[in-house]
1. Any chance you could tell me what percent of the C-alpha pair distances in the stretch 157-301 go past 27 Å?
2. Using only protein heavy atoms and a 1.4 Å probe, report how much of Thr211 is accessible, in Å² to the nearest 10.
3. Leaving out ligands, DNA and RNA, and with a 1.4 Å probe, what % of the accessible surface on the stretch 106-205 is carbon or sulfur?
4. Counting Lys and Arg as +1 and Asp and Glu as -1, each charge on the Cβ, what is the dipole of the chain about the Cα centre in debye, to the nearest 20?
5. Largest first, what is the accessible-area ranking of Tyr141, Tyr114 with a 1.4 Å probe?
6. Accessible area per residue for the chain in Å², computed with a 1.4 Å probe and the full protein assembly in place, what is it?
7. Per 5 Å bin, what percent of the C-alpha pairs of the stretch 273-327 does each bin hold, from zero upward?
8. Leaving out ligands, DNA and RNA but keeping every protein chain, what accessible area does Met73 have, in Å² rounded to the nearest 10, with a 1.4 Å probe?
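The values are calculated or read from the model by the stated rules, or taken from the named source; none is laboratory data. Predicted, not measured: the structure shown is a model, and the values here were computed from it. Cβ: placed from backbone, ideal geometry, glycine included. Neighbour counts: every protein chain shown. For the accessible areas, the whole protein counts, side chains as well, though only heavy atoms, and no ligand, DNA or RNA atoms are used. Shrake-Rupley method; radii C 1.70, N 1.55, O 1.52, S 1.80 Å.
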Amino acid sequence: MKNGGVSSGGLIVSFGEMLIDFVPTVSGVSLAEAPGFLKAPGGAPANVAIAITRLGGRSAFVGKLGDDEFGQMLAGILRQNAVAVDGLLLDTGARTALAFVTLRADGEREFMFYRNPSADMLLTPDELNLDLIRSAKIFHYGSISLIVEPCRSAHLKAMEVAKDAGALLSYDPNLRLPLWPSVEAAREHIMSIWDKAEVIKVSDNELEFITGSDQIDDESAMSLWHPNLKLLLVTLGDKGCRYYTKSFHGFVDAFHVKTVDTTGAGDAFIGALLCKIVDDRSVFEDEARLREILKYANACGAITTTKKGAIPALPTESEVLSLVKGA
């Protein structure tokens, strides 16, 4: 189905937080040393929703923003990017979440969050647009929405409704330890919904965190396997990604680019993957086709690291294809 002549294919509904990242104007400094900050829209589930529409897919975002200037701005960004906002709410009593994110000299990130509580944490099960969730072919989510009530109950209900309606469940834990009350709570809650997801994407750091092992290998990854899982992905930053299905596993190399900021690279990667599998689940049995899709997803992730901020850096299909062809 063509939607406004732009996007096509099954609907991917992304659930969770959207916020504003404040990124220092200078790279390689601590937050305290930063002379100034640029505001960059972000929040992993929202990044994924926009990554999908940039690539020509159909997506919707379910979550809550503050009814403030920042919340209005973020809602506007979703609309500008053709993301359906039928599941988006604005809360007059709470602020939109903010995060200060600094890029250290090595390009990795440090976070400081302002959520006290922010609007995204206050989404209740009764506020969910269940019709929208039921229309999803893929329902994608993270773990930040599991941290506190009532959002946690809303998350669990949305997952259940999507699953009952036949959606494929996609999970990217997107670990942000500073937001959790403790390391133990983070691990416990992240794992509490583990065996429901059919597609799971973890980074190498998240794999180490969840398994408690510093080994990034097949054995460590397969310790996370469960019977409902169709595809497990371990992203390795600039070293590519590993993939595991019921019948095969392997590795796909990365594209080498000049990295400025790694924010949003994982979201671009999973958005690209979901976009390609939403109408074609046969890829879980077709290794050659899956490898092709993962190469495309790696290219999306790579391009996203060449600019500052997540959403501004998410690529279009033509940018991705030119990187894939150029390589």
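1. On the way: 2011 of 10440 pairs.
Cα-Cα pairs in the stretch 157-301 separated by more than 27 Å: 19 percent.
2. 40
3. On the way: 2050 of 4170 Å².
Carbon and sulfur: 49 percent of the exposed surface of the stretch 106-205.
4. Numbers: 32 positive and 42 negative charges, 167 e Å.
In debye, rounded to 20, the chain gives about 800.
5. Details: Tyr141 0, Tyr114 120 Å².
The ordering from most to least exposed comes out as Tyr114, Tyr141.
6. Working: 13350 Å² over 327 residues.
Value returned for the chain: 41 Å² of accessible area per residue.
7. All Cα pairs, binned at 5 Å, distribute as 4, 19, 27, 21, 17, 9, 3, 0 percent.
8. 50
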